[in-house]
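Everything on this sheet refers to the single structure shown next.
The values are calculated or read from the model by the stated rules, or taken from the named source; none is laboratory data. Because the structure is predicted, anything quoted here is derived from the model rather than measured. Counting neighbours? That spans all protein chains shown, and the Cβs are built from the backbone with ideal geometry, glycine included.
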Amino acid sequence: MNKKLLVATAALLVGSAFGAAPALAAENPMDQAGIQHNMYLGCLMDTNAPPDGALAALVEKCGYNPGMPLERFIATRQPMVDAIDPTRPMTENLAVLRQQLSAYEFSFIVRMDQIVQNAQDLDAAAVQFEELEREGIARLDPRSKNGALVLGGLSVVRHSTRYWSKFAADASSRQAAPPHTGWAIVAASDAMGYFLFGDSEMASGTSYLAFGILVSQGYFPLYASGEISP
């Protein structure tokens, strides 16, 4: 892992301890998922890699170890990432999980969708995501595979909203939807990546590509020039 990533890790750990929702950071046993997600996402954003080079950058620039040769990693994961459409509901993108998760566990994904669809701004969405996470902490078993997956996804979406909030302060949407709906969509895409792969690093890659797709569709005109760092 390079020096930039180590510095980012330290900053994120400090932010988790003293930033928004510290109680959730302490109470969610899967909170490392969100911390790791933001660390790798920050590195990817710094690389400004093209969409078809994002997974390679995740490995070569950000230090992710996929556990397989790079060529095989890209060949197997790129089609899965490309199949995610950030403009479609999470429930559609993650329909395959209906067979794995119980109805109650899948309801967290349903309710994330509802939060995004009704978002007036990113701050309001963040509050609702945190309320959902509190419910998950109280009722899900982190020792189970599914409980850990849902709690990890809830941690990722909380950390993601904090990460994207600095971008949301600088850009608005051309779309007819409320100005910050696009940012809520990006945050939800981060969680989608985690739910699909069970991996914070791959969630960051999904997030990066989702952001690029939304930029190309005119959601964030200030970032349409190709320079995506705030």
Going through Ser173, Ser225 one at a time, which residue ends up being among the hydroxyl-bearing types (Ser, Thr, Tyr), surrounded by fewer than 17 Cβ atoms within 10 Å (Cβ to Cβ) and at pLDDT below 95?
Ser225
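Would a scan of the range 195-209 turn up a residue that is in a helix (DSSP H, G or I) and free of Cβ contacts under 8 Å to residues at least 60 places away in the same chain?
Initial filter on the range 195-209 (in a helix (DSSP H, G or I)): 195-197, 200-209.
Filter again for free of Cβ contacts under 8 Å to residues at least 60 places away in the same chain, leaving none.
No.
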Considering each of Asn48, Asn28 in turn, give the residue that is under 27 Å from Ser165 (Cα atoms) and surrounded by 16 or more Cβ atoms within 10 Å (Cβ to Cβ).
Asn28
Yes/no for Gln99 being surrounded by fewer than 14 Cβ atoms within 10 Å (Cβ to Cβ), at pLDDT 95 or above and not hydroxyl-bearing (Ser, Thr, Tyr)
yes
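Of all residues in the range 51-85 being among the β-branched types (Val, Ile, Thr) and free of Cβ contacts under 8 Å to residues at least 40 places away in the same chain, which is surrounded by the most Cβ atoms within 10 Å (Cβ to Cβ)? Spell out the reasoning first.
As a first pass, look at the range 51-85 and keep what is among the β-branched types (Val, Ile, Thr): 59, 74, 76, 81, 84.
So of that shortlist, the ones also free of Cβ contacts under 8 Å to residues at least 40 places away in the same chain come out as 59, 74, 76.
Values: Val59: 17, Ile74: 20, Thr76: 11.
Top of the filtered list is Ile74.
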Of the conditions (1) closer than 14 Å to Ser207 by Cα; (2) buried (at least 22 other Cβ atoms within 10 Å of the Cβ), Leu140 fails just one. Which one is it?
(1)
Of all the residues that make up the range 112-144, how many are out of contact with any Ser or Thr (no Cβ under 8 Å at 6 or more places or on another chain), more than 19 Å from Thr87 (Cβ to Cβ), of a type outside the set (Val, Ile, Thr) and at pLDDT 95 or above?
14
